[in-house]
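Enquirer: There's a structure below that I have some questions on.
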Amino acid sequence: MTTGQHADYKGYLMEQERGHFSSRVGFILAAAGSAVGLGNLVAFPVMASKNGGAAFLIVYLFFIALICYPVMMAEIAMGRNTTRNPVGAFSKLSDRSMWWRFAGMLAILTPFMIAVFYTVITVWLVVYIKEISFGGLEYLSYDTTFSEVVARPSLFVYLVFLLALVFFILLGGVRGGIERLARVLMPTLALMLVLLTIFVLTLDNASAGIIYYLVPDFSKVNLSVINGALSQAFFSLSLGMGILITYGSYFSKQDSIPQSTRMVAVADTSIAFFAGLLILPAIFAFDPNTNTDDLSTSSIGLIFSFLPKIFLSMQVAVGYIGASIVAAVFFTLVFFAALTSLVSIIEIPISCWIDELKFSRKKAVGMQALLLTFFATPATMSLGISEFFTNFTSYGGLPKSFFDLVSDVFYETILPFVGFTVCIFCAYRWKVGGLKSELVIGDDDYDGSLLEKYVNFSLGTIIPLVLLVVFISTVFQIYLN
């Protein structure tokens, strides 16, 4: 074999290790799967109900269209142009600038650490599904149950099961693992959500929840609500995690980035909207006197502490077994959403090991499995199993566990900052001309369009300014309050 043939063969092998999506539909389902998570199914409905209902929804959609959509296109374009992970994308487009390579590293570290606490939450979901399946819905409705569940040493059995499932999927690669999972779970999740919503809407007094959710109350919209809507929109679409840069690197040059991005945003927002039609009517149907101002916007608190009580109250209408079936379906739905997100998040560092360290996929998956297990273990022990990790540190005047630290630093704080760096990079280092040259591939209509003009203007002005304000306000709220 000649030197040229050897180089071509090596390149072919690396392409096989990286993989690519088989179609535009596969990309849309996988990207939507990464976006749809706990925030869509639980936090969004409660935030909407507490902040003006449809008025919050209008503000949320405004930010999706004007802030998140351009950033999504920019991230996907960076990935497709370079066929690299975030580190490789920033490095290649900046002529190997160390500063921008560091920005890419931050976009690798962030999803890795987010995967740590997301893994723990998904383990709790598995435990709850098991408890419900064995007739334990009433037990889960007790006020003390959640604190008991998260302090069980047996959680490590479920952790091993979950990690084995996740890394088995990732061993299948982009097409055989990630895309295949999304093609099965995303339609299933959507169908389950619609059917469960239809069931809840037939219950007495469900209309009160619909009215509360969909009738706008603009008097509740203030700066805090606007900030919350932007944060929810940004986090919901997986921005700042490096996911879309990585998925963009698997995306075909034949397909339109603007059109595909639009479909991902629509799918993600639709799931959030239907989740509101499920949860709020369910709450009002079984407790008409519910004061939604008392509901926690925390996905964790609502899923594991409040909703089991709501499902248990359904036994008046459908019996204990019927209520348990509905609860099992809902928690399975949330598990599917968490699993698709978790697989997507973990793929980001795996793609980095393959691209930058030239690992085979098998070796990269194995390395990631070891690292995630190492960090997920103390996170699992952070809510009662270990006193050291439960009271790991303190800031903002409050004691914090290792789990809290990971969540606050990487999920709450760094995401908008990474989004800010993407905007500044595309506007001033890669330049809008470079971005445009990628976005017109597969979409001739983008050239000269109103969308192009808005993206060219906003990515270097409005959007990074807004994201910087969100980042600074988050720092003050969490750490300096």
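The values are calculated or read from the model by the stated rules, or taken from the named source; none is laboratory data. Keep in mind it's a predicted model, so treat the numbers as computed, not measured. Cβ atoms come from the backbone with ideal geometry, glycine included; neighbour counts cover every protein chain shown. Please note that ligands, DNA and RNA were not included when accessible areas were found on the heavy atoms of the full protein model with its side chains. Shrake-Rupley method; radii C 1.70, N 1.55, O 1.52, S 1.80 Å.
Enquirer: Can you tell me the length gained on complete extension of the stretch Leu370 to Leu61, counting 0.36 nm per residue apart and subtracting the Cα distance? List each step's numbers first, then the result.
Expert: On the way: separation 309, 0.36 × 309 = 111.24 nm, distance 3.95 nm.
Stretched fully, the Leu370-Leu61 segment lengthens by 107.3 nm.
Enquirer: Would you compute, for the Cα atoms of region 114-255, the largest minus smallest coordinate along each principal axis and list the three values in descending order, in whole Å?
Expert: Per principal axis, max minus min of the Cα coordinates gives 47, 45, 31 Å.
Enquirer: Set the Förster distance to 30 Å, then compute FRET efficiency between Tyr428 and Ser449 from the Cβ-Cβ distance, nearest 0.05.
Expert: Values: r = 22 Å, r/R0 = 0.74.
Plugging the Cβ-Cβ distance into 1/(1 + (r/R0)^6) gives 0.85.
Enquirer: Find, to one decimal place in angstroms, the Kirkwood hydrodynamic radius of region 336-437, where the mean of 1/r is taken over every pair of different Cα atoms and then inverted.
Expert: Hydrodynamic radius (Kirkwood, Cα pairs) of region 336-437 is 16.5 Å.
Enquirer: Right, here's the next one. Could you tell me what a quarter of the Cα convex hull surface of the chain works out to, in nm² with one decimal place?
Expert: Averaged projected hull area, Cα only: 22.8 nm².
Enquirer: By how many nm would the segment from Thr202 to Lys220 grow when fully extended, if each residue of separation counts as 0.36 nm and the alpha-carbon distance is taken off?
Expert: Working: separation 18, 0.36 × 18 = 6.48 nm, distance 2.90 nm.
Additional length available on full extension: 3.6 nm.
Enquirer: Here's another thing I want to ask about it. Provide the descending list of Cα extents for region 181-334 along its principal axes, expressed in whole angstroms.
Expert: Taking max minus min along each principal axis of the Cα atoms, region 181-334 gives 55, 40, 24 Å.
Enquirer: Can you give me the span-like helices of the chain, meaning DSSP H runs with 18 Å or more of Cα extent along the axis and Kyte-Doolittle mean at or above 1.0?
Expert: 98-133, 155-171, 180-201, 223-236, 257-286, 315-356, 462-479
Enquirer: Under the definition of Cα pairs under 8 Å and six or more residues apart, what whole-number percent is the relative contact order of region 366-452?
Expert: Values: 50 pairs, mean separation 11.3, N = 87.
About 13 percent, as a whole number.
Enquirer: I've got another one for you. Run lengths n ≥ 4 of DSSP H only: what is the helix-derived mean residue ellipticity at 222 nm for the chain, with -39500 (n - 2.57) per run over all residues, to the nearest 500?
Expert: So the calculated ellipticity at 222 nm is -22500 deg cm²/dmol.
Enquirer: Where does the longest stretch of the chain lie that holds no trypsin sites (Lys or Arg not before Pro) found in a DSSP loop with 13 or fewer other Cβ atoms within 10 Å?
Expert: Segment 97-252 is the longest.
Enquirer: Separate question: Express in nm, to one decimal, how much length is gained between Ser394 and Lys436 on full extension, taking 0.36 nm for each residue of separation and deducting their alpha carbon distance.
Expert: Full extension of this stretch gives 10.6 nm more.
Enquirer: If R0 is 25 Å, what FRET efficiency do you get for Ile211 and Ala317 from their C-beta distance, rounded to 0.05?
Expert: Working from the Cβ atoms, E equals 0.80.
Enquirer: Return a whole-number percent for the relative contact order of the chain, with Cα pairs under 8 Å and 6 or more residues apart as the contact set.
Expert: 31
Enquirer: Scale the Cα Rg of region 400-466 by the rule-of-thumb value 2.2 N^0.38 Å and send over the ratio, two decimals.
Expert: 1.48
Enquirer: Can you tell me the accessible area per residue over the chain, all protein chains present, probe 1.4 angstrom, in square angstrom?
Expert: On a per-residue basis, 39 Å².
Enquirer: A further question on this structure: Which of the chymotrypsin sites (Phe, Trp or Tyr not before Pro) across region 345-418 are loop residues per DSSP, with 16 or fewer other Cβ within 10 Å?
Expert: Listed in order of number, the matching sites amount to none.
Enquirer: Hand me the tally of lysine pairs in the chain: alpha carbons under 15 angstrom apart, and the pair either on different chains or 8 or more positions apart.
Expert: Lysine pairs meeting both conditions in the chain amount to 6.
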